[in-house]
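**Student:** First the structure, then my questions, so here it is.
Each value in this text was obtained by applying a stated rule to the coordinates, not by laboratory testing. All values derive from a computational prediction rather than experimental measurement. No Cβ is skipped: glycine too gets one built from the backbone with ideal geometry, and neighbour counts run over all protein chains shown.
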Amino acid sequence: MRLMAKLHYRDAPSEKEKKAFGRYLAEDEELILATGLGKHYLRSCFVLALVFPGIIFWLLGLGLAYFLKFNMGYGLALGLILASFVAFLRALHTHHANRYLLTTRRVIIKKGMFAVAVTSALYDKITHIEVDQGFLDKVLMHYGTIIINTAGMNKGEITLRYVDYPIEFKNLLERLINREREQFGFRAGPVVTVEGEVVS
């Protein structure tokens, strides 16, 4: 009996996501997928923030315990709670400030929360897609980098970093590109894909 592989990008966007990202869409397009930096990457951001600037809060908790003359264990616990709270806020900000959107017509990268920068590429301008995933990224972290090369843009490419399950994301993107081309009468040939694996 053949086991079905789990598909990580099959859920439709929620109503909350449609409402939040609706302002970035044109009238004739729909949101297909709203994603962002990979879960493993965000966890590593949380852990790093626990170390720094977390160590400052640990020392602050110990300092308060010393000067206020209460148990050092309580001071350390207070410092850990404060460090965890700050690390959580930092990871949450990183998540919301880096969003990747796939619509019926284009791919959009939204960076920032208060000052927002938006980059997009229409599907009919995409020439080829590169997937770059190191050995450890593939085996342990399950994320990678997707480079979308386009015609007619100043930079020529846009990069989506730390994407969870990048091959699945690339496959979904290619299906959307082909559907767009079929809809407007272009030849629906395969998008050229370069899949890289860097073993360090």
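**Student:** Along the charge dipole of the chain, pointing to its positive end and built from +1/-1 on Cβ of Lys, Arg, Asp and Glu, which listed residue (THR159, HIS128, TYR41) has its Cα farthest out?
**Tutor:** Farthest towards the positive end: TYR41.
**Student:** Looking at the chain, I'd like the Rg to Rh ratio, where Rg is from alpha-carbon atoms and Rh is Kirkwood's inverse mean 1/r. Intermediate values should be presented prior to the final figure.
**Tutor:** Numbers: Rg = 21.3 Å, Rh = 19.3 Å.
With Rh from the inverse mean 1/r over Cα pairs, Rg/Rh is 1.10.
**Student:** Now for a separate question. Note down the nm distance, to one decimal, between modelled labels 7 Å out along Cα→Cβ at ALA117 and at LEU140.
**Tutor:** Computed distance between label sites ALA117 and LEU140 equals 3.0 nm.
**Student:** In debye to the nearest 20, how big a dipole does the chain give about its Cα centre with +1 on each Lys and Arg Cβ and -1 on each Asp and Glu Cβ? Kindly include the intermediate steps, with their values, before the conclusion.
**Tutor:** Numbers: 25 positive and 19 negative charges, 94 e Å.
Around 460 debye, computed over the chain.
**Student:** Let me ask something else. Once the cut-off is 13 Å, how many percent of the Cα-Cα pairs in region 43-93 end up in the long-distance tail?
**Tutor:** 50
**Student:** Once whole DSSP H runs in the chain are found, which of them have Cα atoms spread over 27 Å or more along the helix axis and a mean Kyte-Doolittle score of at least 0.5? Can you show the working numbers first?
**Tutor:** Numbers: long enough: 72-96 (36 Å, 1.12).
In the chain, the long hydrophobic H runs are 72-96.
**Student:** In square nanometres, what is one fourth of the surface area of the convex hull spanned by the alpha carbons of region 1-93?
**Tutor:** Values: hull surface 43.1 nm².
Averaged projected area of region 1-93's Cα convex hull equals 10.8 nm².
**Student:** Choose one of GLY185, ALA97, LEU80: the residue whose Cα lies farthest towards the positive end of the charge dipole of the chain (beta-carbon charges +1 Lys, Arg; -1 Asp, Glu; about the Cα centre).
**Tutor:** So the residue furthest toward the plus end is LEU80.
**Student:** Also, quick follow-up: Ignoring trypsin sites (Lys or Arg not before Pro) that are buried or in helix or strand per DSSP, and keeping those with at most 11 other beta carbon atoms within 10 Å, what is the longest stretch of the chain between them?
**Tutor:** Working: sites that count: ARG2, LYS6, ARG10, LYS69, LYS155, ARG187.
No qualifying site falls inside 70-154, the longest such stretch.
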